[in-house]
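Throughout, read-outs are computed from the coordinates displayed, never taken from laboratory work. This one's a predicted model, so the numbers in the text were calculated from it and none came from an experiment. Here the Cβ is made from the backbone with ideal geometry for all residues, glycine too, and neighbour counts use every protein chain on show.
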Amino acid sequence: MATAKKNSLNTPENEGGGHGGETTAETRWGLSIDLDKCTGCQACVVACHAENNVPVVGEEETAYGRSAHWLRIERYWEGEYPNVKAKFMPVMCQQCTDAPCEAVCPVYATYHSDEGLNGQIYNRCIGTRFCGSACPYKTRMYNWFDPIYPEPLAEQLNPDVTVRSRGIMEKCTFCVQRIRRTQEDAKAEGRDVQDGEIAPACVQSCPTDAFTFGNLNDSESAVSQEARSSRAFRLLDNLGTGPAVIYLKGGETRV
Amino acid sequence: MSKIKRIRKSDGVIVPEDVQDQLLLTTVSDDELNALMLEPMKRTGPLFWGTLAVLTAVFFWGLYAWGYQIRWGFGVAGINRPVYWGMYISTFVFWVGISHAGTMISAVLRIFKADWRRPITRGAEAMTAFALMMAGMYPMIHVGRLWKVIWMFPYPNNRHLWPNFQSPLMWDMLAITTYLVGSSLYLYLALIPDLGMARDNSTGWRYKLYRAMALGWRGTEAGWHKLEKALGIFAIVIIPIFLSVHSIVSWDFAVTTQPRWNSTILPIFFIIGAVFSGLSALATILVLVRWGMKLDFYLRKEHLDNVGKLIFVAGISWIYVWFAGLIVEWYSNMPITVELLHDEWYGDLAPLFITMMVLNIIPIFFLAFRKVRRSPLFLLILTLMVNVGMYIERFLIVAGNLMRNYMPFNWGDYKPTWVTISIVAMTFAGFILFYMIFTRVIPYVPVWEVKQGRLRFSTRQVGRVEVVTITQVD
Amino acid sequence: MKKATLSRRSFLKLVGGAAAAGATVGAMPVAAKKVGEHFEPYVVPPEEALPGKATWYATTCRMCAAGCGIMVRTINGRAKKIEGNPSYPLNDGKTCARGQAGLQALYNPDRLRNAVKQNGRESRIFEPLHWETALSSLMDKIEAADPANIIFFGGVMADNLYYVTSRWLEAIGAPPPLQYDLHAALEGRATSAKAAKKLFGTMQQPIYDIANADVIFSFGANFVETWMSPVSYSRAYSKFRGQTGGRGYLVQFEPRMSATAATADQWVPIRPGMDGLVALALGKILGGGSFSGMYHNIDIKEIAHASGIELDTLKKMARILANADHPVVVPGGTPAGHSNGYDSYLAIHSLNLILNQLGREGGVYISPNSPAEALEAAPMPNSFADVEALIERMNGGEVEILFVHGANPVFELPQAAAFKEALANVPYIVSFSSFVDETAVQSDLILPDNTYLESWGYQVASSGGDRPAVASQQPIVERMYDTRSTTEVIMALAKEMGGAAAKALPWESEILFMEDMSGSIYGSSLTPYTTKTGKEFWAAFRQHGGWWANKKLSAEPEAVGFKNSPLPVAAPNFDGRAREYPLFLHPYPSVSLSDGRGANLPWLQEAPDPMTTAAWNTWVEMNPQTAHKYGVHDNDVVKIISPNGEIEARVVVYPGIRPDVVAIPVGQGHEDYGRYAQKRGSNPMDLVGTITDPKTGALAWASARVRIERTGRKEKLARLESLHGHGKEELT
């Protein structure tokens, strides 16, 4: 494990003035997304639904902005026909270092873990939706109704993850249950967790390996190497939230 | 009213007429004054009961809607992502705003010894208390899991779990609770001598009620002394609370990263807006109560005139602060901010925005005219306009703003549902309902304060000559 | 750095035990048994099933025909999560959205729970039957029928099922199974195979080495979405983008910008049906070398004009091809959807020939025959012409019993083909569907197959991947309901019939059949794991999720079918006159719903379309110019009218489409097929006519012309993207 690097505003990777996402702790989970490889295929979206018991809300609710995708693929158009391009950008909770959502929760239902995760405690949530209003990324999803699982659809539910009832805010957790599972397995085997060993459901499923997950505070890890790439940027960096999700912008081939 | 004899110029009195009106300088005796207050309270007609019945029905329908929302979840309430806050929070802000006029009138004017305030203070304070009660319901209405709302209270527990005092919602809760307790006590303290008076002049259930509520008030020297002292302290203490409450409400918005919310002027804007809307609501209520209870003796056009002036000043200030905020946003030329401004000016929100501006600004200019201010009907119409306008302003700030954010991919729409409207209507109905009952149970005009005011410029019959006495009170 | 190392390790560790136990007792590796209708945990569970502890089993994904290797996480006998099998070379531990959603096929609330007979077609009144009753009544019908009049209609069939079914049909003297489904038609499977047969002398899907190519020219091959083996090709695409010394250059020729075109470096909005001509023009510019005779008489200018591509662009494209070290040209679904599809395929493949990319790195390969031959993999699918022949036979009363498995022809075939009407002339229709779909509603008897997570099977990887591979399929959970594997049903029928049929299928059970089949690849020197006996191999085969070559292995296609003579590419035929129907219809497979088979899975319904971010309904994509011309906006409901029919859909103003084309995703518009699918959207196949490619008989599904009519209604389409924010991205 490399020495933890103190976050500094002047390092080249922190261009843009915001936090780099690194912290002084030993572990700071981070995710990099190579937009050059994302094909918008939705495998991560469905994998996320399956892994995290994310409810399906149906047509009407989706039309009214109530879909519950913890992870969504935003598609941006550039230019006009015929010189039009479309870019995909998967957006999930950015696990901010200075999360706007954390300070505003009146009951500490969202908090910062010592591994840098922006945790959401479903049982504690009373549903003020303040965090949702405060989140600039709009990645916090609310349970507008109780989820419905016509028998036997509930068999699909992952027993490692709570099923949220109505009135509760939920969001991407970086699949904290998978992180814990891997950590516990490693501990049982008496070894450290290897870089790349932990894979949240989206990372695991991605057919093009657009995602890289790992420890941002380990300067050797694949994710922190990607974070130092010249293509790296962070979403709404100027807000100073210090996202732990790093995007690598798409390249261009000159012919 | 024939008994009331006005002091005339010809009597050689030097007190100006408007001051006479403001202070109700008449020759009516104290007993007559008491009766003028207590008699209308017992007058209730079919219109009164009919209105009461309708309001009760609306209130209980709203309660049903609330129950429906609790049972099925917030999906029935019309909000969505990204508009996580809609009409509930707008209405919450509106009610907190309304509550500001009570303190404004009674505490601020008390400190500045504005004598004309006397007959209208109680009405204003009651408005504060009821508006705060309605506002206080919203944090509960708007949480997704009402049954867990207790977690917002700092109670000792074996897991050492405390609420998060960093959260503006906690500040909100504390500020509103403090304000509610403070203003209720303030209302109640000032009520005690009148309760004593009412007790002494009534029979039956009213007697029993007033006896219990008057806390043994006997009008002793010591009693008056303590009361004056307590009121003096409360008047001073409640002013910072009054300023903080709406600042804190604004911080619910201003501390986030949401474009246009994240602004330093928001607290001032909210306070000024609160006073503006609160005074307008007060004027509306005064006109209606004056009409409903025929309190022309106590609530004179002079009072309306003065309230109208205050609304005018608050309105001008509101325009100023709105413009001060706007100019900064506009000149900053930040793309997202400009986009949001354009949205208001000629985008989706334009109809609401234009309505709001028209409803808020037109009354201000009309209120510059004395004749308009002195006309109850005009005042009623104009202040109702301001009330609606300020409601829309709150809606635009809360729901309108949340429809937009830094990520255009995630912009949204908002349509309130029957549940939302029913619950919002419930609080409006509740407010009017409680207020109406209040006017018939509690002396609406602080008679003792009026009497006290009369002491300042009073006339006494000395032999054949009517002599003006000038006293320093307070 | 390889990811998901842990998954692989735990899978090996955990599955090893399961497979060993399974091998010795020949039982299904399940941790639950059935008591009546309820699932109950074993009182004494199998040793690998610890309460609350996950066990991973390897099997094969059957959500499309690609046959990826998957691992399923099970807890207490319930399948909980599907992930790719990291050992299986085709998909390398990855899955697509449809693969992830397989659990909902297993746990779908609308599954048929036992064999049923329908009291009157379309009555939707189903009477439960005991399997014995069902099978004996079926036996009676079979015995009474002329075997030649028994037809088995399959989709693109699983290899094991095809093997069993075809042997049985052959033994009783019935024609072989007819394999046709819409997905295969949309990806041009039949055309591709027939072109390969002609050009390379082998009826196989060519494999395009896009991972090692530096330039890819794709003619409508949506290889990161639905085409052939999307996960395999997505893996390759990732390598293509991540290669050292560049990120490759992908050019996508298609009338409507698909997600693949969105990931491309250049999207060329080509006029529908012009793919072959454009390929010829490119070849002409390139010169053609020793095959220049192929491009004799080609007028580039004329083609540029006809295809809607500027001459400069064509020349630039040709230059890119010429300058590339390892270019590959891929013919995909769109060219196959026209009446000149076969010609287009030949013309497109010729580019690979003249670029000298046949059998070269970053070029075109074919997969070695070894496992496919050993296992007698299912042949390439039939074409639409075969289906039309069947329809004719049905109308002529020459079909007495129709079996339908793995396809939903009533929904998938063009309305104009009148398949549904022809069914009325078939005395007895048997469906094997797990769901009451549109075809099952027309049937007399439904014998629901197990879902794939409850089934045995194997699948030879036919397209994609860099080596031969066979995925093995084993039950992950015990049957949820009283359903029965179709393989077993056929085996039971054969046994009952005795004689040649019984001899053709001599196995006592499906498991023994599987074991036997695995034996045919046992002993190969390419094996990725060493086993001493056939039994051991059988266990390892299931444990690892299949068998594959331990090294890269692919065969060079022999260019047997190319001639140095002009390649004729006919002009495409379209349904409807241009004046009356000014727009081309471009139906395309939905990334999540495929050809409609995914429409009953809520996860897939909810997964937004990547390009429009819409879900749960049908929309029609129109260029902003076209929308303006018709005076329609987003969410307006319009009628799309073709000579063959009309449907309604909501408008999506879509910048990535030619102004003379409207595109509609396939997949919605189900009448039946469960609560999540039915009464939702519309089916563009209702607009498609029956024009075929005369050379292959493939359906020219992109040959309909349409016109648009406003209805004046507005209905909000469920979209993730805000229409207000649309086009304002530069704000932040």
*May I ask for the distance between the Cα centers of the stretch A:106-181 and the stretch A:39-67, given as a whole number of Å?*
14 Å
*Ascending count of other beta-carbon atoms within 10 Å, so fewest first, for C:Val620, B:Val76, A:Val45, A:Val54*: B:Val76, A:Val54, C:Val620, A:Val45
*What residue among A:Glu61, A:Glu80, A:Glu102 has the largest mean-square fluctuation in a Gaussian network model of chain A, using Cα springs under 10 Å?*
A:Glu80
*Within the stretch A:174-218, which residues have the backbone N less than 19 Å from the label spot 7 Å out from A:Asp114 along Cα→beta-carbon, could you tell me?*
A:176-177, A:179-188, A:191-193, A:215-218
*Expressed as cubic angstrom per residue, what is the convex hull volume of the alpha carbon set of the stretch C:441-492?*
129 Å³
*Springs between alpha-carbon atoms under 10 Å, Gaussian network over chain A: tell me which of A:Gln177, A:Gln156, A:Gln194 tops the mean-square fluctuations.*
A:Gln156
*asked:* Using only DSSP helix segments of four residues or longer, with each worth -39500 (n - 2.57), what per-residue ellipticity at 222 nm results for chain B after dividing by its residue count and rounding to 500?
replied: -22500 deg cm²/dmol
*asked:* For the stretch B:30-80 and the stretch A:209-255, what is the centre-to-centre distance using only Cα atoms, to the nearest Å?
replied: 58 Å
*What distance in nm separates the simple spin-label points at B:Lys42 and B:Ile239, each placed 7 Å from Cα in the Cβ direction?*
4.1 nm
*With 21 Å as the limit, write out which pairs from C:Lys495/C:Lys535; C:Lys301/C:Lys563; B:Lys301/B:Lys371; C:Lys639/C:Lys716; A:Lys187/C:Lys94; C:Lys197/C:Lys695 have Cα-Cα distances beyond it, or answer none.*
C:Lys495/C:Lys535; C:Lys301/C:Lys563; A:Lys187/C:Lys94
*Which of the GluC sites (Glu not before Pro) across the stretch C:503-544 are loop residues per DSSP, with 16 or fewer other Cβ within 10 Å?*
C:Glu508
_Compactness of the stretch C:582-715 - radius of gyration and Dmax, Cα, Å_ = 14.4, 43
*Using only Cα positions of chain A, each an equal point scatterer, no hydration layer, compute I(q)/I(0) via Debye at q = 0.07, 0.13, 0.14 Å⁻¹ and quote the log10 values to two decimals.*
-0.24, -0.85, -0.99
_Gyration tensor (Cα) of the stretch C:340-386, equivalent ellipsoid semi-axes in angstrom_ = 24, 21, 5
*Mean Kyte-Doolittle of at least -0.5 and a Cα length of 27 Å or more along the axis: which whole DSSP H helices of chain B meet both?*
B:46-72, B:121-142, B:168-200, B:221-254, B:266-293, B:301-332, B:376-395, B:418-441
*Where does chain C land at 222 nm, in deg cm²/dmol rounded to the nearest 500, when only DSSP H runs of n ≥ 4 count, each adding -39500 (n - 2.57), divided by all residues?*
-8500 deg cm²/dmol
*Cα convex hull of the stretch B:83-206 - mean projected area over all directions, nm²*: 11.6 nm²
*Spatial extent of the stretch C:188-366: Rg and Dmax, with the Cα atoms as the point set, Å*: 14.6, 41
_Test of the criteria: in the stretch C:286-371, which GluC sites (Glu not before Pro) are in a DSSP loop and have at most 14 other Cβ atoms within 10 angstrom of their Cβ?_
C:Glu310, C:Glu361
*Take every Cα-Cα pair in the stretch C:58-99 and report what % of them are more than 13 Å apart.*
47 percent
*By counting other Cβ atoms within 10 Å of each Cβ, how are C:Val231, B:Val28 ranked from fewest to most?*
B:Val28, C:Val231
_Starting from the Kirkwood Rh over alpha-carbon pairs, what translational D in µm² s⁻¹ does the protein assembly as shown have by Stokes-Einstein at 20 °C and 1.002 mPa s?_
60 µm²/s
*Tell me the label-point distance for the pair C:Lys714, B:His342, using the 7 Å Cα-to-Cβ offset, in nm and rounded to one decimal.*
2.1 nm
_Rg(Cα) / (2.2 N^0.38 Å) computed for chain B, rounded to two decimals_ = 1.04
*asked:* Only helices at least 15 Å long along their own axis, judged from Cα atoms, and with Kyte-Doolittle mean hydropathy of 1.0 or greater: name those in chain C from DSSP H.
replied: C:275-286
_Just want the ordering: B:Ile89, B:Ile392, from fewest to most Cβ atoms lying within 10 Å of their own Cβ._
B:Ile392, B:Ile89
*asked:* I want the local charge near C:Thr60. Using Cβ-Cβ distances under 12 Å, sum +1 for each Lys or Arg and -1 for each Asp or Glu among the other residues.
replied: +1
*Taking every DSSP beta bridge that has both residues in the protein assembly as shown, what percent is antiparallel when rounded to the nearest 5?*
65 percent
*Per the Kirkwood treatment, what hydrodynamic radius in Å, one decimal, follows for chain C from the mean inverse distance over all distinct Cα pairs?*
26.3 Å
*How about the stretch C:462-537: which trypsin sites (Lys or Arg not before Pro) there are in a DSSP loop, with at most 15 other Cβ atoms within 10 Å of their Cβ?*
C:Lys532
*Between the stretch C:581-628 and the stretch B:175-220, how many Å separate their Cα centres?*
69 Å
